[in-house]
Amino acid sequence: MNEYVQKGQDAAKEQYDIAMSRALAVRNTALAKMNIDPTDIEKLNRVPMVASFVGLFVNILLLAAMSNFAWLEGTAIMNGQPYAVHLSLGAAIFGPTNDPSRDNSVFCEGGLPCSLKALCSSSPSEEVFSNGMPKTTDPIDWCSAASAGSVVQGLLGFGFIPALAATIVTFLYAGKEVSAINTILLKMEGMRISIKHVIAGLWAALWLFMFMAMTVYSAMVPDTLGWGTVHVEASFGLLRFSFFLISILGGVLVSHLFELWDTANVTEAFMEFADTELLSWKKALYLELMMQMALYLFLTIYMVDWSLLLVGIVGYYLDAKKQNFKLSYLVFISISIVLDISRLAALPTFEVMTPGERFGNTIWTIILFLKPVIVGTIYFYEKEGGEEERQQYASMEEGRPGYGGTDEIAE
């Protein structure tokens, strides 16, 4: 059996090497056409380089989100008739999820998206139901939505300035080992400009603009658009997703620039992952956790699920071989699965969901099905040799100061 496994591993490694050599050849050809030396690419500092690409990605996301009719969803009323409504930062469309612009002509002429400012300037209706509720959405609600959208447009518009600057300056810092870029950075240092502090300041400014945009929009939007309550949709979720990316990558970047963390532990964890056999339960567990963490990040477009912290618990168990963390994970994940099954049973059909709801619930469902898969992988990892690996790790720790020889939490 081991012989077949070894043959499979050798064949997979051979195919991987072939694919990598072809990819490098294509890359070098493309760089040669742009008169770029491949050795200069290898000199780029990886953490700032990744952060700069994330900054560019965030700029594109925010541009896409600003013009989309998925900031706010609710139900408007016209002459006693309810209509589903979806808002962008400056306009509204009316209709069901399968035809979201069908009823535009009821609220404005021509059947085009209705300007929030035009809806705000409309005359209020004096007709009310028997319980005193108005039969037409109060223009004040449209005014609140228009004001919220206008303020957020301004915040995000000004936010593009530090966003673009952070992307460019961070990329320049990533290439500081390249002679042409190093000349520019030396001139800046000669002007007594600390490039590290500039980068940190730009990312902090971008983070602040995004935080203010989220908070202001949440505070200023109306509680209702005529009938029932409102709730934010996918475009606001893209802003929240971008905020998460900036918070994570910005924190990593600042820690890297000012050497606020010990890279030895990170390197050690990465090397352990890289050295793990491809066809093994431990490698499968690594990949499943990475996939689940990525899905949790994308889920923030729809909602924030704090069960993502469980990935950190099982990740620490995998890295430090602590049984307490494995047992804690199994307890919490069991509770999480039971609660998730209840939520899954209550979900409406996907046909009646908005595109943002369909996207979010699809991601959430995949995460749910991954949870028992990860539990099963932990079981097989333990059988494969996890216990022996943990004992080896414990024996390596015995010589370190403060080692207690047990897996108990210190009191």
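The values are calculated or read from the model by the stated rules, or taken from the named source; none is laboratory data. Model, not experiment: these values are computed from the prediction. When we count neighbours, we look across all protein chains shown, and the Cβ atoms used for this are built from the backbone with ideal geometry, even at glycine.
For the reader, a short list of remarks on this structure follows.
- Test: PRO96 is surrounded by fewer than 16 Cβ atoms within 10 Å (Cβ to Cβ) and touching an Asp or Glu at 6+ places or on another chain (Cβ under 7 Å): no
- ALA284 meets the conditions (1) in contact (Cβ under 8 Å) with a residue 60 or more places away in the chain; (2) over 30 Å from SER88 (Cα atoms); (3) over 25 Å from the mean Cα position of the chain (by Cα); (4) surrounded by 16 or more Cβ atoms within 10 Å (Cβ to Cβ) in every case but one. The failed one is (3).
- Within segment 54-112, strands (runs of 3 or more DSSP E) holding 3 or more residues that are touching a residue at least 40 places away in the same chain (Cβ under 8 Å), closer than 26 Å to ARG240 by Cα and not polar (S, T, N, Q): 72-78, 81-87
- Filter pass, GLY175 being at positive phi and at pLDDT below 90: no
- Some residue of segment 180-191 being closer than 15 Å to PRO48 by Cα, in contact with a helix residue (DSSP H, G or I) (Cβ under 9 Å, 6 or more places away or on another chain) and modelled with pLDDT under 90: yes
- Hits in segment 305-353 - residues which are of a type in the set (Ser, Thr, Tyr) and either surrounded by fewer than 16 Cβ atoms within 10 Å (Cβ to Cβ) or within 26 Å of PHE270 (Cα to Cα) (or both): SER307, TYR316, TYR317, SER328, TYR329, SER334, SER342, THR349
- When residues in segment 319-356 are screened for being in a helix (DSSP H, G or I) and touching a residue at least 60 places away in the same chain (Cβ under 8 Å), 7 of them pass.
- Residue pairs meeting the criteria (Cβ under 6 Å; at least 6 apart or on separate chains; first within 24 Å of SER255 (Cα to Cα), in segment 266-277; second at pLDDT 70 or above and not aromatic (Phe, Trp, Tyr)): ALA269/ASP319
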